[in-house]
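Coordinate-derived values only; no laboratory data. Quick caveat: nothing in here was measured; it's all calculated off a predicted structure. Cβ coordinates were reconstructed from backbone atoms using ideal geometry, including for glycine residues, and neighbour counts include every protein chain displayed.
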Amino acid sequence: MKALTPQRISEITGGIYKGGENDRNLIIKGAVRDNRDVKPGNLFVCIKGARVDGHTFANDAFDSGASCCLTEQIIENAKGPYVIVESTLEAIKIIGGYYRSLFDIPIIGITGSVGKTTMKELITAVLSEKYNVLKTEMNLNNELGVPLTLLSLEEKHEIAVIEMGISDFGEMSRLAQMVRPEIFVMTKIGYAHIEELGDLQGVLRAKTEAFRYMKSTGVAVLNGDDNLLFGYDPKMRKITFGLGKHNDVHVLNINTNGVDAIEMVIESDKGKFPIEIKAYGSHLATLAPAAAVIGQLLEMTEKEIQNGFLSYKPVEGRSRVTSTKDIILIDDCYNANPNSVKAALTSISELPGRHVVILGDMLNLGKHSKQMHREIGVFAAEKGIELLLCHGKQARFIYEGFLSSDLKDDGKTNYYSDMTELIGEIPQLIEKGDVILVKASRGMYFEKLLPVILKEKI
C-alpha cells in the first residue's frame, strides 16, 4: 500500500490537521463519501449536499473504522483525526491526483457520449485475463467518483481502467489532470449533455481536453465510425476502431445468437482472430475492437484476449437480459440519449418475437429536445416496433413521431402522462413471447417498471 496519512493529506491540500499526535501517521486505505460504505482504514470525505451534510456522519464513520475524515469545519467531539480544508471536493481531487502519481502502471481512460461503461467492462474483462485490474465501480466517473476510484489503487494492481464522464467544458481537464492516462479511449461523439455543450463540435472539444494531459508517447484509441473522431488529430499515436474496414482494427462476420451471445472476427494489420461475447446487443460489435487492440498494446496473446471476452458480463441497467418462460426483458434503463436509444432499438429489432418498447425522456438535450425525441419515434416505427409505450414530458414527442411515420405498419403506441397509469396497464399489454426493452434517462426512474413487467411472468 502506498503511504497516505492524515499528516500527508494536510500537507498536500494545505489543510489544517486536527487530532492527536499519535494519529498523524495512521495509514489510510481508500476513500468513501458515504459513511455506510466505510471500511477500516478509509478516509471519509464529508460532502455538503442539498439534503444531507456528510459532516453529521463523521463520528459514525470513525465508529466504522475510518482512519481520518476530510472536512470543511470543526467536528465536535471528534472520535478520530481529521483535516479541515476549504472545499472537500477540491481537496479530494488534489489527493486523488497525488495518489495516482505514486503508481507507475498503465492507466486507461475512457470517455464518450454512449457506451463508456460497456467499454470499460469489455476492456476490464479482456485485461483481467492476464493482469490484476482496478476499474471504475458503479457510476463513479465524475469529479468526485474519479479520485475515489484512484484512491482504491493498491500495490497488487497492474493496470487501471478509469471511466471519465463529463457534462460541461473544463470537467475533462480536471479529470485528466488526476488520471493522466497512457491510453485514452473515445467511444462516440453524440448528443449527451448537448444542452451544456451546444453542438457536436462542442462535445468533441470538451471530451478531447484530456489529450492536453497525456504524454506524447500516449495512445488515442478512437471510434473511426464517428466522422468527428476519425478526422480528429490528437497529436499522438492514433488507432481507430469500429465496424468499417477503414479503421485500423475492425470486425467481420458478425453473428448474433439471440440474446445469449454475439460472435465476430477481429481484423487488423496483425491478422484476424474470432471472438465470442456471451451477452446481448449489436453495440458490442462496435466496441469490441477497441478492447482487443488494447489487449494487443499490452502484450496479450490472441488466446488471452479471446478468453477475456468470454468472461464479460453486462452490468445492471445496461442491456441486461432476463429471460423467463413467457418473455425476454432487456433492462437498459440506466441512461439514455439519442445515440444509445437508436442502438437499443436496432438491437431489439433483430430479435424474434413481438417487440415491446417502453421509452421515457432523454434528459439534457436543451433546445434540441423536441426534435430529437420526435426522431426517436420515427426511428422506432422504421425498425418495426409493434408496441411503443411512452412516459414523460418529452416522451410525448416520441409518441407523436411514431404516429407520424408512414412506416409504422400495424405498430401501436400509447402515451402516459402518469407513471401510475403506465404501471397499471403493463400487465394487460404484455403477451407471452414478447421481447421488451425498457430505456430512459436515469432521472426518469424507469427501474420501477422492471418488477411490474416480471411479475407473474417468471
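About the centre of its Cα atoms, the chain shows a dipole size close to 520 debye [charges on the beta carbon of Lys, Arg (+1) and Asp, Glu (-1) only; nearest 20 debye]. Within the stretch 320-454, the proportion of Cα pairs with more than 20 Å between them is 37 percent.
Starting from the stretch 158-232, pick out the trypsin sites (Lys or Arg not before Pro) whose DSSP state is loop and whose Cβ has at most 11 other Cβ atoms within 10 Å.
Working: sites: R174, K188, R205, K207, R212, K215; in loops: K188, K215.
For trypsin sites (Lys or Arg not before Pro) across the stretch 158-232 that sit outside H, G, I, E and B with at most 11 neighbouring Cβ atoms in 10 Å, the list reads K215.
Mean projected area of the Cα convex hull of the stretch 103-310, taken over all directions, amounts to 10.8 nm².
Under 5 Å between amide hydrogens, built in the peptide plane, is the criterion, and for K48 it picks out G54 among residues at least 5 positions away or on other chains. By the Kirkwood approach, averaging reciprocal distances over each pair of separate Cα atoms, the chain gets a hydrodynamic radius of 23.5 Å.
Around the Cα centre of the stretch 320-454, unit charges on the Cβ atoms of Lys, Arg, Asp and Glu (plus for the first two, minus for the last two) sum to a dipole of about 400 debye.
Before rounding to the nearest 500, sum -39500 (n - 2.57) across all DSSP H runs of length at least 4 in the chain and divide by the residue total; then give [θ] at 222 nm in deg cm²/dmol. Calculated at 222 nm, the ellipticity per residue is -9000 deg cm²/dmol.
Counted over all Cα-Cα pairs of the stretch 2-123, pairs farther apart than 19 Å make up 49 percent.
Give the average over all directions of the projected area of the C-alpha convex hull of the stretch 89-198, one decimal, in nm². Display every interim value, and only then the final one.
Numbers: hull surface 26.1 nm².
Its average projected convex-hull area is 6.5 nm².
The peptide list 336-345, 446-455, put in order of mean Cβ contacts within 10 Å with the highest first, becomes 336-345, 446-455.
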